Every structure is written in C-alpha cells, then in structure tokens.
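Since every read-out is calculated from the coordinates, none of them should be taken as a lab result. Since the model is a prediction, treat every value here as computed from it, not as a measurement. Cβ coordinates were reconstructed from backbone atoms using ideal geometry, including for glycine residues, and neighbour counts include every protein chain displayed.
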Ligand SMILES: Nc1ncnc2c1ncn2[C@@H]1O[C@H](COP(=O)(O)OP(=O)(O)OP(=O)(O)O)[C@@H](O)[C@H]1O
C-alpha cells in the first residue's frame, strides 16, 4: 500500500506537486498518468525518499521511506534507467545492492533469471542496450522481493517484445498481491496494463478511478484522458515541429492534443533534466 497525503513540492517558483493525495492498493496495477511536467516523477521520488516534500507525506507500508528498516525489502523502484556504474557487471551491481540491503546473495541469480539477463550477467553494464538496462533496473527493484513496486516509464524506448514483457510482468506482480504503481505516456499501453488510474495535471489530482470507468467517459481511454487533462497540459517542448503553436496557455482542440500526444509517444527519452 502507498499512501500519498497532501504532498506539495516546490522548486523555486515552480510548484511541481500541489496538495496531492491518493492511495495505491495491493493486488492491482495502478497507472500514473499525466502530461509532461505534471509531477509524476517528482511524486515517485518523494515516495522513495529521494525528494523531501514541502508539505504532506508519502507512506509505504504505513511508514515514510526513511523510517523503513530494510527499504529494499519493502519497496522497489525503477525511476531512471542506467543508475548503475557502467564499469560494473550486472551481477556485481546487484550483489553490492543485496549486501547493503540485507538480502541473501542467492537472490541475485534469481532476479537475473527473472528479467532474462542470466546469459549476460558478467558483462559490463555500460555496454547494455536500453532494453537490457531497463531489465537490470527492474532486477534491482525486484531484488528484495518487495510488496510495493514503482516503475517510472519502464517501457520508454523498448521494442514491442520488451513492451509486452513489461506488461506481463506488471500484471503478474499485481496478481501476486503486490502494490504496483506504473507511470507511462503510452495511454494505449496503459489501457492494456492497468486496472486503476491516478491522473494528475500541473501537480494536482484530476482523477482516481478505474480504467474501465475513465474509458466510459469518452470514446476511448485516450479521449477521456485528453478531456481530463486538456486544460492542465503544459507542453514546453515547442522546439519539436509537432508542438508548433502549443504554448502553456494554449487550450487546444482534440486534434491538437492528438498531435502532441503522438509526439510525446515518439520522443525517445526525456530531455528536460
Ligand atoms: N530538480 C528539479 N528542479 C527544478 N524543477 C524541477 C525539478 N524536477 C522537476 N522539476 C519541475 O517540476 C515539474 C514536474 O516535473 P516532473 O518531472 O515531476 O513531471 P513528470 O510528470 O514526471 O514529467 P514527464 O512526463 O515529462 O516525465 C516540471 O515543471 C519540472 O520542470
């Protein structure tokens, strides 16, 4: 269980997250959706104790991250790809994490097998493709066999086989009774993967509902998402040709939003940090 209670985070003049409250329950995949810059990553970082909220709190299994005795055994997260030392092998990276996290060493080979990296576990992780790096990040998240898992855009840059693998993994983790919070820009993928949805815009909660309920609000989940987020979208990537004319105060038409969404989906990786 994840409990987000009145979270607010400001970066100078920017309010990234504002009075945000929601719960993520076990046994389901909860999708975390919102336009670019709506505060998804910041929220996940606060849940993981990587950013300090200005107001409110985030609890995992009833405690703040910093209060967890063995955090890796309670909560695992893939927040950014390539958070490992490039000169280290995958096995060495996971072995070091296990040693620091009070996790039995044999677990390393179990998670390497679970993510399909056993055959390349001795290779320097810096030589890994994006898909392999994502798998290593997921292995690290699974290392402590935690009941709570967070994934920030895990399908970013993956090929169709990788996307399907992630989808099935998310579902199986939820079916095991775990709490799974998954952010993605790919609404079509979210429709296939998630049971529940938390939608935010400009750091504020816009919807906390089931995929089924939100889908019935429009002709599709995508339509319903645009109807919900249209007024709060803040597309700053104006350099991209498809964004031309889209400004922060541009309310736009459904067609505009579709164009922008296609551009977001096509963008290989975030470049705002
Ligand atoms: N370290 C930081 N310093 C300053 N501003 C930040 C920082 N991190 C995030 N922000 C700002 O906070 C807002 C929310 O950003 P965040 O990355 O949480 O959004 P997001 O929903 O994850 O976006 P995306 O979908 O593009 O990944 C944005 O305006 C962003 O520019």
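In angstrom, the C-alpha Rg and Dmax of the range 82-146 are 10.3, 29.
Working note: Debye formula, equal point scatterers on the alpha-carbon atoms of the range 163-239, no solvent; log10 I(q)/I(0) at q = 0.15, 0.17, 0.24, 0.27 Å⁻¹ is -0.57, -0.72, -1.19, -1.33. Residues 189, 153 in ascending order of nearby Cβ atoms (within 10 Å, fewest first): 189, 153. The overall shape of the range 1-62, judged from the alpha-carbon gyration tensor, is oblate: a/c is not under 1.5, and a/b is no greater than b/c. Label 7 Å along Cα→Cβ of residue 54; the range 1-41 residues with amide nitrogen under 12 Å? Those under the cut-off are 8-19. So in the range 100-215, what percent of DSSP beta bridges are antiparallel if you round to the nearest 5? In the range 100-215, DSSP labels about 55 percent of beta bridges as antiparallel. Taking other C-beta atoms within 10 angstrom as a stand-in for reagent exposure, 48, 1 fall in the order 1, 48, fewest first. Would you work out if the range 129-200 is rounded, prolate or oblate? Take a ≥ b ≥ c from the square roots of the eigenvalues of the alpha-carbon gyration tensor; rounded if a/c is under 1.5, else prolate when a/b is larger than b/c, oblate otherwise. Because a/c hits 1.5 or more and a/b fails to exceed b/c, the range 129-200 counts as oblate.
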